[in-house]
Amino acid sequence: MTTDVVTRAPLDVRLAVGAGGAWIAVFALVDGAAWATLAVALTAGLGGVLAVLATRRWSGAAALALALFCVALVLLPLAGRIHAARASPLAALAREHAAVTATLTVTDDPRMLAATGPAGSARVAVAASAERVAVGGRSESVSSDVLVLGDASGWRTILPGQTVSVDGTLQPALDGGALSVTLFARTSPQRVGQPPWWQRAAGRVRAALRSAVRGLPDQERGLLPGLVDGDTADLDPVLADRFRTAGLTHLVAVSGTNCSIVVGAILLVMRRLRARPWTCALAGALVLVMFVVVARPSPSVLRAALMSAIALAALSTGRPKAALPALSAAVIGLLLWDPTLAANASFAMSVAATAALLVIAPGWARALRERGVPLGLAESVAVAAAAHAVTAPIVAAISGQVSLVAIPANVLAEPVVAMATILGFGAAVTAPLWLAGGEWLAWLAGWPCRWLVRVADSFGGLPGATLPWPGGAVGGVVLLSLVVGLGLIAQRTGARRVLSAAAATAVVILIPVRSVTSGWPPDGWVFGACDVGQGDALLLAAGPGAAVEIDAGPDPVLIDRCLRDFGINRVPLLVLTHFHLDHVAGLVGVSRGRTVDRLLTGPLDDPLTGSLIVHRFAAAHRLAVQAPPVGTHLDIGEVHLDVLGPGSSMRGTRSDPNNSSLVLRAVVNGIRIMLPGDAEIESQRRLLASGADLRADVLKVPHHGSAYSDPEFLGAVHADVAVVSVGLHNDYGHPSPVLLTEMARLGVPLLRTDRDGDVAVAGSPGHMTTVVHGVAASTVASPRVGASVDGARMAPCRRDRSASMICRSRCLRWSCSSATRNSWSIGRSARSPPPRDAPTRRWSRPNWPAASSTVRSCTNCSVRRCSATGAC
């Protein structure tokens, strides 16, 4: 009875209001001027004094005074930090874009970026603190936060706390922040000394856990370390995307949930043993410290541990609502420690989820139990629903989508999460001392991991599992208002029943209907070009559920998405024209839930990075790597393939891998398709000299539309339509204006994956139909590894919209081939897939008109501009 009375006591929200006001103030001013921040701080302090004086006349004056003092408390030191950061030598060098040698101390784990480097190489963002900078022969001490952008290969093994020396170019922060600068690294980091002992200990434990999970299947081997300590280095990127779509991302990122599960298990055991409260508290504290060491004491882990400690303290004392002031105080303290947390999406979700666990979930669970829902299931549903309700606006703001399956997915996943996490944690602490014991515990933990993989695949792979939503702050606020409004309406019993029925109907009916009515792929399609960013991934229809695939793109997530959208579950032939990463790095996504029967490649085994990926893939799937000679004819289902080139590896050209690309011509349902890979001028001229028949109805433009194409080759194809597979805002300037001008001169209509999304050609010779899919609502991709949003800033991208206009067939020739084309495209990222329910545009053109040099456009352009980190 006592516990129930305390639980139902009214909330003390006074400090929470103050923390919220402080948070909003820091969010608004962290990137502003020091004088403005100081002025607001002094004004808030003065207002607080006046409110104190008015306490006798107004009952709410004390709460207002507390809120104003909280705002002044966080803004006064922030003003000093902004002034010091902008006056520092590092900021001056950044404004000059100086080339420097910097000595840095890494403060957090490297984060993988969605954007990639040359030839698709992986890139990372690394948070660090600058200690010394050398430029022009002179060196001086500095103290400033730095965001390093560099190749992943050199940073993956760097531990937090490690001091490194790196050469690079400084520039102001990409997001306009005042407290840091950006360093574009030109060299790999050189270690200076060793990281602290606790970081080395954490590294050994994490390495031991990776050794312990080696015997698990691929999916579980990558998942278990993510559940235990947030180590997602080996997590299948397609599985990570399924977790994100299903609303399960918090499981593979270190959060308060991980900490609470481990520490809560120890407290439960101690209570069963009837240990005294102080003994339980000591045991919980020791395990929490151990968890922090295992997961590495980085800022994100320390935040998670703090949130966990608050939640556990409240729940263990039976007073969850009394913990709200403690949570508010923690928020204020963290903002004082690191003001940039005010714009950090991960921090916002952590605080919101903890507040929901303390305030909302207990009441919802009690209400469900009172309505006959079994004990345990009621808690699972309440926790999942409360956490999703409060975090959905934040997720929508940064991703531009809302998950429709998050609550049922979390309800099904929650019963085994604790088991997998506890067993995995046991494996982590056992493996460094006794590897065999750690392997046994990891084997046990693998079984609940299998269930989690199944849940993520089932829900995250559903067509229509997410709804597109306006991104940025506006979209987040709109969804938050909608959630609050529905919550108020649901206070009435009748309205609650109507809303429950509407929600169940929407989930049960909306997802299947959206899948069936998407209009994609078009009936009778013969050729498809996947929107995979800056890379190639092409499909030839080989029968029901089967396709011959030409290249695999740079990203497994995007190629898996495209194959699912096309309904492909079998790849009888996979052709890799050459080994550049933008053609082979997505191989894992090709085989995700699909069979691959045969593999063909180009003749040149170069570059090494791509070659290793291909040979590992072939070995894992027991495929022979074959390079077919010129003149080879292949019939796979409804596809006929002729190998036209290159005959042998080309040497001494501008790009030997590109010029050694396998060149194919396919015939599907009578439609001829030219597939030259990335062949450049030298290879194209060799083809012309060979006398090969190059005529085709459809041309896949060589090398993503680069300028290195021979006009005679382009003209010899006599194509009726051409497709460029290219990523928006790529670093190469593809497609080249030279190429676009030449295609316009030839009068060949041009479709582009960066502006049109996925492209499909259907029909028969003389009656071809071109259909594009995904032009309406693409969003910026989340960071890939672990689907973590820890580095995402909560700030809206700028959209320059103008009215859209769909081309009619008579305008298609000009709008799709002009060198100055102003194509309509909303918010595409070079790596972002279109949503599964994106609109489909269909252009039917039985007879293409004659060539014309007239340059016209019937569409307008809308481009989303975001920072190089891939987060807005």
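The values are calculated or read from the model by the stated rules, or taken from the named source; none is laboratory data. Since the model is a prediction, treat every value here as computed from it, not as a measurement. No Cβ is skipped: glycine too gets one built from the backbone with ideal geometry, and neighbour counts run over all protein chains shown. SASA here: full protein model, heavy atoms, side chains in, ligands and nucleic acids out. Shrake-Rupley method; radii C 1.70, N 1.55, O 1.52, S 1.80 Å.
Of the residues making up the range 362-369, none is surrounded by 21 or more Cβ atoms within 10 Å (Cβ to Cβ) and within 20 Å of Gly18 (Cβ to Cβ). Give all pairs with beta carbons closer than 8 Å in which a residue from the range 471-499 that is on the phi > 0 side of the Ramachandran plot meets a residue that is at pLDDT 75 or above; count only pairs at least 6 apart in sequence or on separate chains. Listed by first residue and then by second, the contacts come to Gly472/Ala397. If you go through the range 456-466 and keep only what is of a type outside the set (Gly, Ala, Ser) and buried (at least 23 other Cβ atoms within 10 Å of the Cβ), you end up with Phe459, Thr466. When restricted to residues that are touching a residue at least 60 places away in the same chain (Cβ under 8 Å), assigned to a strand (DSSP E or B) and open to solvent by 20 Å² or more (accessible area, probe 1.4 Å), the range 148-164 contains 1.
Residues satisfying the criterion are present in the range 682-692 (criterion: not in a helix (DSSP H, G or I) and not acidic (Asp, Glu)). One residue is enough: does the range 399-421 have a residue meeting the conditions under 30 Å from the mean Cα position of the chain (by Cα), farther than 22 Å from Val455 by Cα and open to solvent by 10 Å² or more (accessible area, probe 1.4 Å)? No: zero hits.
Going through (1) under 27 Å from the mean Cα position of the chain (by Cα); (2) without any contact (Cβ under 8 Å) to a residue 12 or more places away in the chain; (3) closer than 30 Å to Leu75 by Cβ one by one, Ser141 falls short only on (1).
Looking at the range 244-264, which of the residues that are modelled with pLDDT of 70 or more and within 19 Å of Val228 (Cβ to Cβ) is surrounded by the fewest Cβ atoms within 10 Å (Cβ to Cβ)? Quick ask: steps written out before the conclusion?
Filtering the range 244-264 for residues modelled with pLDDT of 70 or more gives 244-252, 262-263.
Now narrow it down to the ones that are within 19 Å of Val228 (Cβ to Cβ): 248-252, 262-263.
Working: Leu248: 26, Thr249: 24, His250: 22, Leu251: 24, Val252: 27, Val262: 24, Val263: 24.
Selected residue: His250.
Just one of the numbered conditions (1) open to solvent by 20 Å² or more (accessible area, probe 1.4 Å); (2) assigned to a helix (DSSP H, G or I); (3) at pLDDT below 70; (4) within 30 Å of Ala396 (Cα to Cα) is not true of Ser346: (3). When the range 647-682 is filtered for residues that are in contact with a helix residue (DSSP H, G or I) (Cβ under 9 Å, 6 or more places away or on another chain), under 17 Å from Val717 (Cα atoms) and of a type outside the set (D, E, K, R), the ones remaining, listed by number, are Val663, Met674, Pro676, Gly677, Ala679, Ile681.
Can you pull out the residues in the range 180-221 that are assigned to a loop (DSSP other than H, G, I, E, B) and open to solvent by 20 Å² or more (accessible area, probe 1.4 Å)? Steps first, please.
The first filter runs over the range 180-221 and keeps only residues assigned to a loop (DSSP other than H, G, I, E, B), leaving 186-189, 193-196, 213-217.
Matches in the range 180-221: Arg186, Thr187, Ser188, Gly193, Gln194, Pro196, Arg214, Gly215, Pro217.
On inspection, Val738 passes the criterion of being more than 33 Å from the chain's Cα centre (by Cα), outside any loop (DSSP other than H, G, I, E, B) and closer than 30 Å to Arg685 by Cβ.
The set of residues in the range 370-386 that are of a type outside the set (A, V, I, L, M, F, W, C) and buried (at least 18 other Cβ atoms within 10 Å of the Cβ) comprises Glu379, Ser380. If you go through the range 567-612 and pick out every residue that is aromatic (Phe, Trp, Tyr) and surrounded by fewer than 21 Cβ atoms within 10 Å (Cβ to Cβ), you end up with 0. The sole residue among Trp469, Trp451, Trp440 that is open to solvent by 40 Å² or more (accessible area, probe 1.4 Å) and within 20 Å of Glu414 (Cα to Cα) is Trp451. In the range 700-708 there is at least one residue that is open to solvent by 20 Å² or more (accessible area, probe 1.4 Å), part of a loop (DSSP other than H, G, I, E, B) and of a type outside the set (Ser, Thr, Tyr). Within the range 92-107, the set of residues being part of a helix (DSSP H, G or I) and touching a strand residue (DSSP E or B) at 6+ places or on another chain (Cβ under 6 Å) comprises Leu93, Ala94.
The residues of the range 731-771 that are buried (at least 24 other Cβ atoms within 10 Å of the Cβ) and at positive phi amount to a single one, Gly757. Of all residues in the range 27-64, those satisfying the criterion of being hydroxyl-bearing (Ser, Thr, Tyr) and either assigned to a helix (DSSP H, G or I) or at pLDDT 85 or above (or both) are Thr37, Thr43. Of all the listed residues (Ala84, Ala67, Ala62), the sole one being touching a helix residue (DSSP H, G or I) at 6+ places or on another chain (Cβ under 6 Å) and open to solvent by less than 70 Å² (accessible area, probe 1.4 Å) is Ala67.
If I filter the range 223-241 down to residues being open to solvent by 20 Å² or more (accessible area, probe 1.4 Å) and part of a helix (DSSP H, G or I), which single residue comes out as nearest to Pro408 (Cα to Cα)? Steps first, please.
Residues of the range 223-241 that are open to solvent by 20 Å² or more (accessible area, probe 1.4 Å), as a first pass: 230, 233-234, 237, 241.
If we keep only those that are part of a helix (DSSP H, G or I) too, we end up with 237, 241.
Numbers: Pro237: 22, Asp241: 17 Å.
Going through the qualifying residues, I end up with Asp241.
Annotation: of all residues in the range 703-712 being within 29 Å of the chain's Cα centre (by Cα) and without any contact (Cβ under 8 Å) to a residue 60 or more places away in the chain, the one that is farthest from Ala537 (Cα to Cα) is Ser706. Scanning the range 628-681 for residues that are assigned to a loop (DSSP other than H, G, I, E, B), out of contact with any strand residue (DSSP E or B) (no Cβ under 7 Å at 6 or more places or on another chain) and open to solvent by less than 20 Å² (accessible area, probe 1.4 Å) turns up Met650, Ser655, Ser660, Ser661, Asp678, Glu680.
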